[in-house]
Amino acid sequence: MTDAPLLLAEGLTKYYGARLGCADVDLTLHAGEVLAIVGESGSGKSTLLGLLSTALDPSAGRVSYRMRDGILRDLAALSEAERRLLLRTDWGFVHQNAADGLRMAVSAGGNVGERLMAVGARNYGAIRAEAADWLGRVEIAADRMDDDPRTFSGGMRQRLQIARNLVTRPRLVFMDEPTGGLDVSVQARLLDLIRSLVATYGLAVVIVTHDLAVARLLSHRIMVMKAGRVIEHGLTDQVLDDPREPYTQLLVASVLAA
Amino acid sequence: MITALSSAISAPHADPVLAVRDLAKSFTLHLQGGLKLPVVSGVSFDVAAGECVALGGPSGAGKSSILKMIFGNYRIDAGSVRLADADAVVDVAQAAPREILRLRQHRMAYVSQFLRVIPRVGAREVVAEPLLAEGVPASQAIARAEALLDRLNLPERLWRLPPATFSGGEQQRVNVARGFIGSQSLLLLDEPTASLDAANRAVVIALIAEKKAQGCALVGIFHDTETREAAADRVVDVTRFSA
């Protein structure tokens, strides 16, 4: 366990015109650490994820990342080529809507292989074997490899998205409501898969969710957002079992027990 | 090295594994108009290696809250929870989240009253998980989990099943096994025998005795007198810490 953080955000602020997206967010994330960002719709959690993953430009503040060479770099100072390489290799992004993260008209194997080719893999047989291996790890049957994801169920699409992301062995994965809109039984399977992949590969994850049960199951630490600001953060079980802020108490009290 | 070791053994008052000082806790219920519920204040006690301390007092006295503060599950309003950490001492009250997670992996374990079930993960994997986190190879961790479940009389046909559908007593035995399997130096027990029959209570009492013999420090809440008398070396009465 090294003490140098993998991801560091300082004073991150985003305005959409006059409207506040998120304000003054500081965070650190270490290798292998899972951070959940929770809050209701409009709380700024997706804006924050966009800022961290460089999909959005901040109005103020900065994000730094410890590259594979061990050097912490300000992401705004990367060249476009460096940034794209980072996105394709060392980072993953799992979208809520699989169609945003997959190429829907390309076969499942192609979706996984494409990311390998983007980092220079050229041998067709090796790419296909690696893709097949990853489809297996996300529990997609080998005989579906040449089907395109339009023929897949929602849960399968999410698992394919995960395989596509993990094939390049990223160290950091962003997830935006990865289980949103799925049936509960499908959710449980996906959560268990994410949980075991995170542990096996020591992934650092920033996961946005409005589902406190998902946060509890997957994350080490949690940040609660309201109206664009982080109002409470800490160890996940501590924040959920002993919430301090009125809004966090309301969120925790609003969960229906099955 | 040899001198250091022998002096550690012969020292009459070795440093405690756990030193709790002036711990205070209250809850503010914002959904109830900011109602403030005092729980405990001035909680102070030590637990030495090889010692089992029972927290005594009626229900609502704050016994579980004290255990949860020690484990870092509840926030600490004031005071310190000093835990031996190899050659150093860490104050849980001041520790960052990552530090608390590390302490849970290597220094302290907690048997809660109820098992938090993880979908699709089998009982044996639930039990083996703390060992895997310590770096024990999977095959060894699973073998030790099976041995412990067997000792707690959990039928073998249940070992691979997720405990969601288990009875209360079966879930509690999975929870006990998960808490006892690791090599942490502090073990916190919240009514570990509440749903168990006499035979399994006896197994838990034997497990506690073995932990003590290995030099583990234990803090427990035991609702039945028989278990408390068999397991605990002394009782800390929590009512004197009422806030």
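No lab work stands behind these numbers, since they all come straight from the coordinates. Because the structure is predicted, anything quoted here is derived from the model rather than measured. Because the Cβ atoms are built from the backbone with ideal geometry, glycine has one as well, and the counts that use them run over all protein chains shown.
Values as computed for the structure displayed
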{"item": "Computed E for residue A:73/residue B:167 - FRET, C-beta separation, R0 60 angstrom, nearest 0.05", "result": "0.65"}
{"item": "Approximate spin-label separation residue A:59-residue A:213, in nm, with each point projected 7 Å along Cα-to-Cβ", "result": "3.7"}
{"item": "Nearest-ten-degree value, helix A:124-137 long axis tilted from longest Cα axis of chain A", "result": "50"}
{"item": "Residue-averaged [θ]222 nm for the protein assembly as shown, counting only DSSP H segments that reach four residues, each worth -39500 (n - 2.57)", "result": "-11000 deg cm²/dmol"}
{"item": "Cα-based Lys pair tally, chain B, threshold under 22 Å, eight or more apart or on separate chains", "result": "9"}
{"item": "Whole-number percent relative contact order across chain B, with pairs defined as alpha carbons under 8 Å at least 6 apart", "result": "28"}
{"item": "Separation in nanometres of the label points that stand 7 Å from Cα toward Cβ, at residue A:183 and residue A:129", "result": "3.7"}
{"item": "Pairwise centroid distance, computed over Cα atoms, of region B:209-232 with region A:76-98, Å", "result": "53"}
{"item": "Estimated dipole of region A:139-255 in Debye, rounded to 20 [Cβ of Lys and Arg +1, of Asp and Glu -1, Cα centre]", "result": "340"}
{"item": "Using alpha-carbon coordinates, inclination of helix A:184-201 to the longest axis of chain A, degrees", "result": "80"}
{"item": "Gap separating the Cα centres of region B:41-81 and region A:215-241, nearest whole Å", "result": "24"}
{"item": "For the protein assembly as shown, Kirkwood radius (reciprocal of mean inverse C-alpha pair distance, Å)", "result": "24.8"}
{"item": "With at most 12 other Cβ atoms within 10 Å, longest stretch of chain A clear of loop trypsin sites (Lys or Arg not before Pro) (DSSP)", "result": "A:123-258"}
{"item": "Cα-based equivalent ellipsoid of region B:18-241: semi-axis lengths in Å, sorted from largest, via gyration tensor", "result": "28, 19, 19"}
{"item": "Two-decimal Rg/Rh across region A:103-169, once Rg and the Kirkwood Rh are taken from alpha-carbon atoms", "result": "0.92"}
{"item": "Top of B:213, B:14, B:96 by mean-square fluctuation, Gaussian network on chain B, Cα under 10 Å", "result": "B:14"}
{"item": "Label-to-label distance, nm, for residues given as residue B:114 and residue B:198 (7 Å Cα→Cβ offset)", "result": "3.0"}
{"item": "Pairwise FRET efficiency - residue B:15 versus residue B:183, Cβ, R0 = 22 Å, nearest 0.05", "result": "0.70"}
